[in-house]
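Reviewing the structure listed below.
The values are calculated or read from the model by the stated rules, or taken from the named source; none is laboratory data. Please read all numbers here as calculations on a predicted model, not as lab measurements. We place every Cβ from the backbone using ideal geometry, glycine too, and count neighbours over all the protein chains shown. Heads up: the accessible areas ignore ligands, DNA and RNA and are worked out on the full protein's heavy atoms, side chains in. Shrake-Rupley method; radii C 1.70, N 1.55, O 1.52, S 1.80 Å.
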Protein chains: 2
Amino acid sequence: MSKPKQIIPEKVIGFKAPPQKSKWAYIDCQVYALGIGFSRDQMKVEDHYYTSELKDDDFRVFPTNATTICSGSEVFNMIIDCPGMPEFNPMALLHGEQETYLYKPLKVNQDYISEVELTDVADKKKGALLTSTCTSWECDESGKKGDKACMGKFKVFIRGIGGFGFPGKDKGPGYGVPKTAPTKTMTQKTDPNQAIVYRLAGDFNPLHIDPDMAAMGGFDKPILHGLCFYGISAKLLVEGLCAGDETQLKSISARFTSHVFPGETLQCKMWVNGTKVAFETSTVERGLAVAQGVAELQAQPKL
Amino acid sequence: MSKPKQIIPEKVIGFKAPPQKSKWAYIDCQVYALGIGFSRDQMKVEDHYYTSELKDDDFRVFPTNATTICSGSEVFNMIIDCPGMPEFNPMALLHGEQETYLYKPLKVNQDYISEVELTDVADKKKGALLTSTCTSWECDESGKKGDKACMGKFKVFIRGIGGFGFPGKDKGPGYGVPKTAPTKTMTQKTDPNQAIVYRLAGDFNPLHIDPDMAAMGGFDKPILHGLCFYGISAKLLVEGLCAGDETQLKSISARFTSHVFPGETLQCKMWVNGTKVAFETSTVERGLAVAQGVAELQAQPKL
């Protein structure tokens with residue numbers, strides 16, 4: 001099948017991948033939790049809810065684990081296969097934004113069925129911003145849908161394929177932070193091998209481990225996954241505003257504005273307005289904002 | 001079935017567990033490799049052979065991964081079930097010594113079949129030293145044996161069940177290090193969460209994650225797995241003496257003489273004599289020897 005020369009929005013929007021079933025084993029959730037920095041201190045026993053299967057029925061799946069419920073490589077293949085998409089250089093693809101909506105606490109050893117659809121594409125002149133929406137339901141072994149569990153929007157920016165004129169229709173939640181002092185600031189150091197641990201949760205892009213690939217992307221060394229510091233931001237919000245109760249997080253969305261090198265310290269500034277939170281995550285070492293986001297909590301935080 | 005009041009050696013020696021099949025997925029070997037400290041520095045690209053599935057056919061399984069080829073809980077259950085064994089307190093069981101013999105490089109996604117047998121028990125007065133020998137072969141999906149891959153002897157000391165008089169017959173390889181200066185000394189820092197990562201390779205004893213269980217064992221905080229610093233010692237031998245070529249390691253055996261707290265720095269002193277190596281691993285922070293061992297290499301190291 002020949003590829004179009006440029007994006008054909010009406011052939012992109014609505015393109016679907018076959019439904020995919022998934023289930024997290026303990027190790028998947030444990031590696032995800034370690035990957036976003038839980039249990040860096042082994043004496044912080046409350047972190048064991050996310051990292052130790054010995055907690056059995058009290059084991060918790062951190063909400064942003066939802067970002068791994070669909071296979072990233074299947075989403076990537078869907079983009080490649082879409083008849084409305086032109087050829088493009090895979091190294092020109094960057095994760096631009098992520099939205100996660102939680103409807104029900106996530107569970108280990110639970111079958112899920114996910115439907116992924118390309119729901120929007122926007123001409124950004126230098127490239128295209130493409131939205132894949134992944135909706136997941138609990139299901140039984142046969143795949144029969146139960147309760148809706150979560151929804152994620154993966155927005156990727158692909159350089160070099162702009163100019164098709166369609167402005168896009170999904171404006172996103174809107175980002176930006178107040179000029180006032182933040183309500184709360186939390187920090188977390190990442191480990192020099194944070195990306196090597198995080199990737200085992202399911203994001204195997206060589207950019208995050210292979211120095212040669214990182215160099216091709218213009219980086220001195222492999223960079224941390226956007227979804228890793230997205231998860232770290234969510235963790236700091238839950239720790240800073242919800243006393244560690246991750247079920248308080250209803251949604252979290254962020255735009256990635258720069259990269260993080262593993263080993264850097266991340267600082268998350270939070271501005272609370274009722275149940276809404278605006279946040280900005282920066283690297284302390286380079287004083288650079290790497291993500292701006294918004295989150296919604298179940299209840300107004302007691303501060 | 002009623003338990004004997006004390007160990008009946010002739011009912012212990014020769015007691016076998018049913019053969020068990022196993023296969024390492026990439027994540028199992030990657031987590032093991034991270035657990036013994038590979039890829040702490042993401043720019044040490046030679047470590048990616050053990051931690052990145054992107055190496056495909058060049059992916060390597062570190063030889064001491066053999067210590068996870070049999071399920072530790074199945075070995076433990078075999079000891080409990082053995083009709084020659086009295087009741088004992090599981091918290092009175094300590095890993096005393098470990099021997100590993102490699103016959104063929106280990107492989108990811110390869111089926112193995114393992115036979116575990118209690119091959120010796122020795123009265124140590126204050127307790128019993130019990131040897132479980134696990135021999136593993138490559139096999140096909142049906143379990144049909146191919147080449148012998150490795151053999152491990154797990155020696156556990158169980159306090160409180162000595163006094164049965166049998167001296168044991170397996171004297172082990174003999175430990176002890178020369179008083180001369182070591183041929184080579186290598187060090188490696190462990191991470192504060194080293195045990196929390198290492199345990200995901202398959203050793204889920206709560207002593208290594210739960211501060212309450214550690215306190216019951218008399219420790220201020222959870223301790224590192226003996227098999228973790230055994231693996232780290234093997235890693236330092238391979239890096240220090242074999243230029244990182246793990247296939248040079250024919251066997252490695254060690255006696256655990258003390259415990260390690262995650263976060264401590266381990267120093268391994270090595271004395272080379274032809275293809276034989278005696279070694280001693282200590283914690284730098286407490287100046288305490290934690291393991292003494294011997295190893296055999298395929299060829300005399302070029303130093």
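Could you report the buried accessible area between A and B, both sides summed, computed with a 1.4 Å probe and given in Å² to the nearest 100?
Working: alone 14060 and 14130 Å², together 25670 Å².
Using a 1.4 Å probe, the pair buries roughly 2500 Å².
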In order through the stretch A:175-189: 3J(HN,Hα) via Karplus (6.51 cos²θ - 1.76 cosθ + 1.60), integer Hz, x for Gly, Pro: 10, x, 10, x, 8, 6, 5, x, 5, 7, 10, 10, 10, 8, 7
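Please identify every one of the GluC sites (Glu not before Pro) in the stretch A:191-286 that sits in a loop by DSSP and has no more than 14 other beta carbons within 10 Å of its own beta carbon.
On the way: sites: A:239, A:246, A:264, A:280, A:285; in loops: A:264, A:285.
Listed in order of number, the matching sites are A:285.
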7 Å along Cα→Cβ, label-point gaps from residue A:302 to other copies, nm, shortest first: 6.9
Around residue A:139, which amide H atoms from residues at least 5 apart in sequence, or from another chain, sit under 5 Å from its own amide H, with H modelled in the peptide plane? A:111, A:112, A:113, A:146
Which Cys residues of chain B have no other Cys beta carbon under 4.7 Å away? B:29, B:82, B:139, B:150, B:228, B:242, B:268
Using the Cα atoms as the points, what is the convex hull volume per residue of chain A in Å³? 136 Å³
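Write down the accessible area per residue of the protein assembly as shown in Å², having rolled a 1.4 Å probe over the full set of protein chains. Don't skip to the end; give the middle numbers.
On the way: 25670 Å² over 606 residues.
So the protein assembly as shown comes to 42 Å² accessible per residue, rounded to a whole number.
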Residue A:173 neighbourhood, Cβ < 14 Å, K/R = +1, D/E = -1, net charge +1
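Is there a pair in B:16/B:153; B:16/B:145; B:235/B:302; A:55/A:148; A:44/A:189 whose C-alpha atoms are over 20 Å apart, and which pairs would that be? Write out the running numbers ahead of the final one.
On the way: B:16/B:153 14 Å; B:16/B:145 18 Å; B:235/B:302 17 Å; A:55/A:148 25 Å; A:44/A:189 15 Å.
The pairs that break the limit, which is 20 Å between Cα atoms, are A:55/A:148.
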Could you work out the Kirkwood radius for the stretch A:215-268, taking every pair of different alpha carbons, averaging 1/r and inverting it, reported in Å? 12.6 Å
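At 0.36 nm per residue, minus the direct Cα-Cα distance, what do residue A:73 and residue A:144 gain on full extension? Give it in nm, one decimal, please. It would help to have the intermediate numbers written out before the result.
On the way: separation 71, 0.36 × 71 = 25.56 nm, distance 2.40 nm.
Value of the extension gain: 23.2 nm.
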Please check the stretch A:184-205 for residues whose accessible area, probe 1.4 Å, is lower by 50 Å² or more when all protein chains are in place than in their chain alone. A:193, A:196, A:200
Between copies, how close do the residue B:274 label points come, placed 7 Å along Cα→Cβ, listed in nm from shortest? 8.2
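According to the square roots a ≥ b ≥ c of the eigenvalues of the Cα gyration tensor, what is the shape class of the stretch B:117-276, taking rounded for a/c under 1.5, prolate for a/b larger than b/c otherwise, and oblate for the remainder?
Here the stretch B:117-276 falls in the rounded category.
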Protein accessible area in the stretch A:1-116, 1.4 Å probe - carbon and sulfur %: 52 percent
If labels are modelled 7 Å from Cα along the Cβ direction, residue B:160 lies from its partners in the other copies at nm distances, smallest first, of 6.8
Among A:116, A:277, A:177, whose mean-square fluctuation peaks in a Gaussian network model of chain A (Cα, cutoff 10 Å)? A:177
Solvent-accessible area lost in complex, 40 Å² minimum, residues of the stretch A:17-38 relative to chain alone, 1.4 Å: A:27, A:34
Name the residues of the stretch A:51-70, by number, that are at least 40 Å² less accessible with every protein chain in place than in the isolated chain; the surface is that of heavy atoms, probe 1.4 Å, without ligands or nucleic acids. A:53, A:54
Quick check for you: which residues of the stretch A:45-66 have the amide N under 20 Å from the point 7 Å beyond the Cα of residue A:247 toward its beta carbon? A:46-66
For the protein assembly as shown, what is the largest minus smallest coordinate of the Cα atoms on each principal axis, given in angstrom and ordered from greatest to least? 85, 52, 49
Return the loop-located chymotrypsin sites (Phe, Trp or Tyr not before Pro) in the stretch A:169-213 (DSSP other than H, G, I, E, B) with at most 16 other Cβ atoms within 10 Å of their own Cβ; answer none if there are none. A:204
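Given axes a ≥ b ≥ c from the Cα gyration tensor, I'd like to know whether the stretch B:77-141 is rounded (a/c under 1.5), prolate (a/b larger than b/c) or oblate.
Working: a/c = 2.77, a/b = 2.09, b/c = 1.32.
It is prolate, given that a/c is not under 1.5 and a/b is the larger ratio.
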What residue among B:293, B:127, B:218 has the largest mean-square fluctuation in a Gaussian network model of chain B, using Cα springs under 10 Å? B:218
Under 12 Å between alpha carbons, and skipping anything fewer than 8 positions from residue A:23 in its own chain: which aspartates and glutamates qualify? A:111, A:138, A:140, A:141
Projected label distance in nm at residue A:179 and residue B:58, using a 7 Å step from Cα toward the beta-carbon: 5.4 nm
What is the percent carbon and sulfur in the accessible area of the stretch B:118-186, measuring with a 1.4 Å probe over the protein chains and ignoring ligands? 53 percent
FRET efficiency, 1/(1 + (r/R0)^6) with R0 35 Å, evaluated for residue B:171 and residue B:21 via beta carbons: 0.65
Paramagnetic reach from residue B:213 (point 7 Å along Cα→Cβ, amide N under 18 Å) across the stretch B:81-96: B:88-96
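From the square roots a ≥ b ≥ c of the eigenvalues of the alpha-carbon gyration tensor of the stretch A:21-169, which class results: rounded (a/c under 1.5), prolate (a/b over b/c), or oblate? Please report the intermediate quantities before stating the final value.
Details: a/c = 2.79, a/b = 1.82, b/c = 1.53.
Note, shape of the stretch A:21-169 comes out prolate.
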In a Gaussian network model over chain B where Cα atoms closer than 10 Å are linked, find which of B:21, B:169, B:276 has the largest mean-square fluctuation. B:169
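Counting other Cβ atoms within 10 Å, keep those with at most 14, restrict to DSSP loop, and tell me which trypsin sites (Lys or Arg not before Pro) in the stretch A:109-147 are left. It would help to have the intermediate numbers written out before the result.
Numbers: sites: A:124, A:125, A:126, A:144, A:145; in loops: A:124, A:125, A:126, A:144.
Qualifying residues, ordered by number: A:125, A:126, A:144.
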